[in-house]
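A.B. asks: Quick one: structure below, then a few questions.
None of the figures in this text is laboratory data; all of them are computed from the coordinates on show. None of these values were measured; they are calculated from a predicted model. Positions of Cβ are generated from backbone atoms using ideal geometry, with glycine treated the same way; all protein chains shown enter the neighbour counts.
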Amino acid sequence: MQSRETATRQELAVEEYRLRRKPYYLPIADEVEVFLAAYEARLPVLLKGPTGCGKTRFVEYMAYLLYREAPYATPERLEVPNPLITVACHEDLTAGDLVGRYLLVGEETVWMDGPLTKAVCSGAICYLDEIVEARKDTTVLIHALTDHRRILPLDKRGLILEAHPNFLLVISYNPGYQSVLKDLKPSTRQRFVSLEFTYPSPQQEACIIAHESGVSPEVAADLALLGAKVRNLSTHGCEEGVSTRLLVYAGQLIARGIEPRRACDVAICRAITDDLEVQRAVAELVTTIFP
């Protein structure tokens, strides 16, 4: 017979990642308003988009907004020590990794909560990054948290935890990168409000690059132009193009004295592909923009 336990324990040591400062995020469309509405209704959120387009930064920004900044943060949410718990999913991720397991501590067997359980109990946002990389039996575990029940079964303890009222589940994946075998199952996808992410416009991306890297607006605009041109190579062997993250990396190198073409070579050309033909094509674009 399973016992039923309300997940309002505040003594949990949630230390994975604390949001000490407001993350920089430039809204591209209405994603902030949609996420706020989804959170108010406690609707689980799915973020879809290419690598390095800002999905993780967006979740960090929203967690700070909801748990640390007026008028969104309530007194109760201000008390949550860690408003965002992020899990980088991989093919060896088990249900035990998410919910917890019994461990030997000295001569005692002690239960240790996993990151999902910590979020459910403390009322944090749990962000499962690249969810399709996890094992299929692991993704099924979240189903009971994504409908009206909002519960998390702990089979090894014979418990069913009711999610804290502030808890929210957010997942992400890159639909353009995954194979058919790793695509998100409809039974999982249709439990989430879905937000589509893409790369910013060149003007928006230039603002992001300038802010994050410290380069001049002119250099940031050149890097954004390079990003747009490299993404146009996607039909010529460059699978996904260059992420905003890599453009920021190039800007950070330039801001620290690395010659622009060399910075683009190590942060972009050699980072996005090992194909020599594609590398040469990108290098030609770099030379055109940074003569």
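A.B. asks: Over its Cα atoms, what ratio of radius of gyration to 2.2 N^0.38 Å does the range 95-139 give? List each step's numbers first, then the result.
C.D. replies: Numbers: Rg = 12.5 Å, N = 45, 2.2 N^0.38 = 9.3 Å.
Dividing the Cα Rg of the range 95-139 by 2.2 N^0.38 Å gives 1.34.
A.B. asks: Once the Cα atoms of the chain are picked out, what are the Rg and Dmax in Å?
C.D. replies: Computed over the Cα atoms of the chain, radius of gyration and Dmax are 21.3, 73 Å.
A.B. asks: Give me ASP222, ASP274 sorted ascending by neighbouring Cβ count inside 10 Å, so fewest comes first. Working shown, then result.
C.D. replies: Numbers: ASP222 21, ASP274 7.
Sorted ascending by nearby Cβ count, the order is ASP274, ASP222.
A.B. asks: Here is a further query. Quick check on the chain: helices-only [θ] at 222 nm, where DSSP H runs of length 4 and up contribute -39,500 (n - 2.57) each and the sum goes over total residues. Nearest 500, please. Before the final figure, lay out each step's value.
C.D. replies: Values: 12 runs with 108 residues, N = 291.
Helix-only estimate at 222 nm: -10500 deg cm²/dmol.
A.B. asks: Relative contact order for the chain: what is it in percent, counting Cα pairs under 8 Å that are at least 6 residues apart? Don't jump to the answer; show the numbers that get you there.
C.D. replies: Numbers: 488 pairs, mean separation 59.8, N = 291.
It rounds to 21 percent for the chain.
A.B. asks: Can you tell me how the range 39-118 classifies by the Cα gyration tensor, rounded, prolate or oblate, using a/c under 1.5 as the rounded cut? Write down the numbers at each step before the final one.
C.D. replies: Numbers: a/c = 2.78, a/b = 1.44, b/c = 1.93.
It comes out oblate by the Cα gyration axes.
A.B. asks: While we're on this one: When only Cα pairs under 8 Å and 6 or more residues apart are kept, what is the percent relative contact order across the range 202-289?
C.D. replies: On the way: 103 pairs, mean separation 24.5, N = 88.
Relative contact order for the range 202-289 comes out at 28 percent.
A.B. asks: Follow-up. What ³J(HN,Hα) values, in whole Hz, does the Karplus curve 6.51 cos²θ - 1.76 cosθ + 1.60 give for the range 140-154 when θ = phi - 60°, with x put for Gly and Pro?
C.D. replies: Going residue by residue, I get 4, 4, 7, 4, 5, 8, 10, 10, 5, 6, 6, 10, 10, x, 10 Hz, with x marking Gly and Pro.
A.B. asks: Between PRO81, PRO115, PRO217, find the one with the highest GNM mean-square fluctuation for the chain; connect C-alpha pairs within less than 10 Å.
C.D. replies: PRO217
A.B. asks: Over the chain, with a Gaussian network built from C-alpha contacts below 10 Å, which listed residue (LEU195, LEU104, LEU43) shows the highest mean-square fluctuation?
C.D. replies: Result: LEU104 has the largest fluctuation of those listed.
A.B. asks: Turning to a different aspect of this structure: Based on other C-beta atoms within 10 Å, arrange THR117, THR74 from fewest to most.
C.D. replies: Values: THR117 24, THR74 12.
Lowest to highest Cβ neighbour count: THR74, THR117.
A.B. asks: When a footprinting reagent is the concern and you count Cβ atoms within 10 Å, what order do MET62, MET112 take, fewest first? Before the final figure, lay out each step's value.
C.D. replies: Details: MET62 26, MET112 12.
Result, fewest neighbours first: MET112, MET62.
A.B. asks: Could you pull out every one of the aspartates and glutamates with an alpha carbon less than 15 Å from that of LYS22, ignoring same-chain neighbours closer than 8 positions?
C.D. replies: Excluding near neighbours in sequence, the set is GLU60, GLU69, GLU212.
A.B. asks: What longest range of the chain stays clear of loop-exposed GluC sites (Glu not before Pro) (DSSP non-H/G/I/E/B, at most 10 other C-beta within 10 angstrom)?
C.D. replies: Values: sites that count: GLU11, GLU15, GLU91, GLU107.
That would be 108-291.
A.B. asks: Separate question: Roughly how many nanometres apart are two label points built 7 Å out from the Cα toward the Cβ at GLU284 and LEU43?
C.D. replies: 4.7
A.B. asks: If a helix is a whole DSSP H run, which ones in the chain reach 18 Å or further along their own axis (Cα) and hold a mean Kyte-Doolittle hydropathy of at least -1.0? Mind showing how you got there, number by number?
C.D. replies: On the way: long enough: 55-68 (19 Å, -0.19); 217-231 (21 Å, 0.64); 276-289 (20 Å, 0.85).
Sorted by number, the helices that extend far enough and score high enough are 55-68, 217-231, 276-289.
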